[in-house]
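Structure, as structure tokens:
The values are calculated or read from the model by the stated rules, or taken from the named source; none is laboratory data. Keep in mind it's a predicted model, so treat the numbers as computed, not measured. Positions of Cβ are backbone-derived with ideal geometry, glycine not excepted, and every protein chain shown enters the neighbour counts. Just the protein is used for accessible areas: all its heavy atoms, side chains included, with ligands, DNA and RNA removed. Shrake-Rupley method; radii C 1.70, N 1.55, O 1.52, S 1.80 Å.
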Amino acid sequence: MTRPASPRTVLITGATGGIGEALAKVYAEPGNTLILQGRNAVRLTELAALCEALGAQVLTRVLDVRNRNELSAWLHEICQQEQVDLVIVNAGVNTNIGPDGAGERWEDVQALIEINVLAAMATVNAVLPSMRIRGDGQIALMSSLAAYFGLPATPSYCASKAALKAYGEALRGWLGPAGIRVNVVMPGYVESQMCRDMPGPKPFLWSAKKAARTIKHGLARNQPRISFPFPLNLGTWFLAVLHPWLSERILRLLNYGG
């Protein structure tokens, strides 16, 4: 099977986060158009200037993806103006039960689900019609290794990433015959502010630049799951297939218990 051509127009949500910024940089090259969304106007402007210096044409939009009406309207407009080859659904946040184990605040849980799940699905829903009309395109959903087995300290985050994993796998089976490639990205610990804010050990920590290069390579190969780093990805997969009591004991021994 012939490998699809490299994407020339790439849309990235959550472009001002650690992985988002790194992805923008690895796709910034002469002849490419980057469409970048973020909430931080200053960082988005700085990132756009950097990517333009690398030769890319850059379009930006500052918006909160929780405003799904605004998000959808913008995406429909973009898809009418540009032939978007690759959409990286990257916007995401985290929350945890707190250092004393008091639990997640409902306001934080609600915001997390709105951003990590509902906004992600709204993004796909908005860009999909134009891809289906032309029978081509690629969508990458940013899940996590935490999707394999819930970590006691971050229950809502794990649930949201498990939802994206299942959603992406289902989309791939549905849309693949129509020429649309869907990939689930499952990073481990990647250097970023969100990672630093997460409780617990962070083994096999990768730089955002290394993660972005791995993701780009996996997307070019149309890998169903792009998971890293090894052996953390293998270990988290085993947590999902082992008996739950054993997985829970392993997590406690590794200081991931609640």
| Here are some residues: N96, N40, N69. Which one is in contact with a Ser or Thr (Cβ under 7 Å, 6 or more places away or on another chain), farther than 26 Å from T214 by Cα and of a type in the set (S, T, N, Q)? | N96
| task | Tell me which residues, restricted to region 58-93, are open to solvent by 30 Å² or more (accessible area, probe 1.4 Å), in a strand (DSSP E or B) and touching a strand residue (DSSP E or B) at 6+ places or on another chain (Cβ under 6 Å). | result | L59, T60, R61
| request: Find the residue count for region 94-119, including only residues that are open to solvent by less than 30 Å² (accessible area, probe 1.4 Å), part of a loop (DSSP other than H, G, I, E, B) and more than 14 Å from C158 (Cα to Cα). | output: 1
| said: Looking at region 68-85, I want the residues that are under 17 Å from L34 (Cα atoms) and have a partner that is among the basic types (K, R) and open to solvent by 50 Å² or more (accessible area, probe 1.4 Å) with Cβ atoms under 7 Å, at least 6 apart or on another chain. Which pairs are those? | reply: W74/R61; D85/R8
| query | Could you count how many residues in region 17-57 are β-branched (V, I, T) and open to solvent by less than 20 Å² (accessible area, probe 1.4 Å)? | reply | 2
| List the pairs whose first member sits in region 38-63 and is over 20 Å from V84 (Cβ atoms), whose second member is of a type in the set (D, E, K, R) and open to solvent by less than 80 Å² (accessible area, probe 1.4 Å), and whose Cβ atoms are under 9 Å apart, counting only residues at least 6 apart or on separate chains? | R39/D64; R43/E21; L50/E21
| request: Identify all residues within region 184-205 that are out of contact with any Gly (no Cβ under 7 Å at 6 or more places or on another chain) and modelled with pLDDT of 85 or more; write none if there are none. | output: V185, M186, P187, G188
